[in-house]
Amino acid sequence: MRSRRAIAALAAACAVSLTACQSADAVIAEYNDSGTMGYDTSTVQADPAVQALVPESVSADGRLVIGSNLYWAPAEFQQGGTPVGYEIDMMGAVARRMGLELGVENAEFDSIMPAIGTKYEAGASSFTITSERESNFTMIQFYFGGIAWAVQTGNPTGFDPTNVCGRSVGVQTGTMEDDAVAEQATRCQTPPDIQRYDSQDAVTQALVGGKIEAMSADSPVVDYAVSRTGGTISAIGEVTEMAPFGVVVPKDDPAMTSAMQAALQSLMNDGTLKRIFAAWGIDDNVAEQAVVNPEVEG
């Protein structure tokens with residue numbers, strides 16, 4: 001249940017900003033009012049060496065079908081109903097290297113990994129590589145990111161990201177940030193009010209509207225949200241816990257692992273992957289080696 005103060009803050013925000021009262025999809029649409037970004041993956045050519053590695057079970061229908069949660073801008077989201085984002089562009093380029101077309105199916109974040117190998121041929125949804133995930137799936141790194149925080153501009157409640165005790169904070173369910181905040185909470189005498197949402201844009205909406213004091217998300221996600229919300233929110237604190245992100249394929253499918261690794265490495269070798277990220281304003285932390293199940297902590 002919301003406190004009266006939270007309801008009043010949301011009402012006040014509605015009076016000054018339509019963004020605070022709009023749907024999650026509307027928030028994402030407003031993020032992109034300044035114009036379409038992205039990389040033209042139609043320019044990416046097939047690689048015969050990669051094509052030869054793709055298992056027939058994947059290539060038979062001419063499509064690479066992935067599961068993704070399309071509410072995590074700028075990695076994966078929707079623009080006019082079309083999946084876009086740097087990870088969508090990357091997977092479009094992967095599919096092109098394989099001689100296939102990309103099929104993207106939107107799903108709740110927590111439901112994607114259990115369906116890889118049955119409903120989806122791969123998962124691409126800003127999955128942080130962890131040892132727990134590696135015990136059940138194969139993960140191939142392509143990027144490095146960390147945990148970041150944002151507050152309403154001016155930090156009106158004096159929020160400190162190193163001390164969440166007694167504070168209201170928002171995260172997307174099932175993410176690295178969800179786990180990190182929950183771990184912080186175990187050290188609190190007064191626990192935080194952790195508000196969990198199925199989509200990141202809903203978390204951003206809650207922050208803009210004053211329902212929460214702060215939100216935590218991947219560093220590029222926070223940077224993008226700050227740049228696209230008209231000065232209403234700002235990043236705060238240092239980026240912590242840098243970790244690799246990976247594309248997920250079934251653990252018991254070495255052929256698909258080889259094909260995915262080869263496609264990603266091909267994009268890294270000729271600079272295509274860096275150009276894809278650059279098209280989304282990201283110039284740092286792009287992997288140069290498509291390492292399978294890299295050694296990680298946690």
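Just to be sure I understand the model, the point goes 7 Å from the Cα along the line to the Cβ. What's the resulting residue 57 to residue 275 distance in nm?
3.4 nm
In straight Cα distance, which aspartates and glutamates are under 12 Å from residue 119, not counting same-chain residues fewer than 8 positions off?
Residue 119 reaches 105.
Roll a 1.4 Å probe over the protein chains and send me the accessible area per residue for the chain in Å².
On a per-residue basis, 43 Å².
At most 15 other C-beta atoms within 10 Å and a DSSP loop state: those are the exposed GluC sites (Glu not before Pro) I care about. Give me the longest piece of the chain that has none.
Result for the longest clean stretch: 109-287.
Within 10 Å of each candidate Cβ there may be at most 12 other Cβ atoms; applying that plus a DSSP loop requirement, which chymotrypsin sites (Phe, Trp or Tyr not before Pro) in segment 236-298 survive?
Filter output for segment 236-298: empty list.
Round to a whole number: what % of the accessible area of segment 33-99 belongs to carbon and sulfur, probe 1.4 Å?
Exposed carbon and sulfur together represent 47 percent of the surface.
Would you list, by chain and number, the aspartates and glutamates whose Cα falls below 20 Å from the Cα of residue 251, excluding same-chain residues fewer than 8 positions away?
Leaving aside aspartates and glutamates fewer than 8 places away in the same chain, those within reach of residue 251 are 56, 110, 121, 132, 134, 295, 297.
Could you tell me the extents of segment 56-210's C-alpha atoms along the three principal axes, largest first, rounded to whole Å?
Rounded to whole Å, the extents work out to 56, 37, 23 Å.
Considering only the other residues whose Cβ falls under 13 Å of the Cβ of residue 181, what net charge follows from Lys and Arg at +1 and Asp and Glu at -1?
Counting the neighbours of residue 181, the net charge comes to -4.
Taking amide hydrogens as modeled 1.01 Å from N in the peptide plane, which residues meet the under 5 Å criterion relative to residue 84, leaving out close sequence neighbours?
77, 78, 79
In whole Hz, with x marking every Gly and Pro, tabulate ³J(HN,Hα) for segment 121-131 from phi via Karplus 6.51 cos²θ - 1.76 cosθ + 1.60, θ = phi - 60°.
Those phi angles translate into 8, 7, x, 9, 8, 6, 6, 5, 7, 10, 5 Hz.
Below 12 angstrom from the Cβ of residue 285, what's the summed charge of the other residues (Lys, Arg +1; Asp, Glu -1)?
-4
Could you pull out every residue, at least 5 positions away or on a different chain, whose amide H is within less than 5 Å of the one on residue 193? Hs are placed 1.01 Å off N in the peptide plane, and Pro or chain starts have none.
HN-HN under 5 Å from residue 193: 166, 167, 168, 169.
Counting only protein heavy atoms and a 1.4 Å probe, tell me what percentage of segment 124-259's accessible area is made up of carbon and sulfur.
Here carbon and sulfur together make up 48 percent of the probe-accessible area.
Ratio of alpha-carbon Rg to the 2.2 N^0.38 Å globular estimate for the chain, to two decimals, please.
1.01
Using the Karplus equation 6.51 cos²θ - 1.76 cosθ + 1.60 (θ = phi - 60°), what ³J(HN,Hα) coupling, rounded to whole Hz, does each residue of segment 264-276 give in order, writing x for Gly and Pro?
5, 5, 4, 5, 6, 5, 9, x, 4, 4, 5, 5, 4
All other residues with a Cβ under 10 Å from the Cβ of residue 102 taken together, and with Lys, Arg as +1 and Asp, Glu as -1, what is their net charge?
Summing Lys/Arg as +1 and Asp/Glu as -1 gives 0.
Residues with amide H under 5 Å of residue 101's amide H, sequence separation 5 or more or different chain, H placed in the peptide plane at 1.01 Å from N; which?
HN-HN under 5 Å from residue 101: 63, 64.
In whole Hz, with x marking every Gly and Pro, tabulate ³J(HN,Hα) for segment 289-296 from phi via Karplus 6.51 cos²θ - 1.76 cosθ + 1.60, θ = phi - 60°.
10, 7, 6, 8, 6, x, 6, 9
Place a point 7 Å from the Cα of residue 115 along the Cα-to-Cβ direction; which residues of segment 226-260 have their backbone N under 16 Å from it?
Only 248-250 pass the distance filter.
Quick check of the Kirkwood formula: for segment 92-179, what is the inverse mean of 1/r over all pairs of different Cα atoms, in Å?
Hydrodynamic radius (Kirkwood, Cα only) of segment 92-179 equals 16.1 Å.
The values are calculated or read from the model by the stated rules, or taken from the named source; none is laboratory data. No experiment lies behind these values; they were computed from the predicted model shown. In this analysis, Cβ positions are derived from the backbone assuming ideal geometry, glycine residues included, and neighbour counts consider all displayed protein chains. Note: accessible area is taken over every heavy atom of the protein model, side chains too, but ligands, DNA and RNA are not part of it. Shrake-Rupley method; radii C 1.70, N 1.55, O 1.52, S 1.80 Å.
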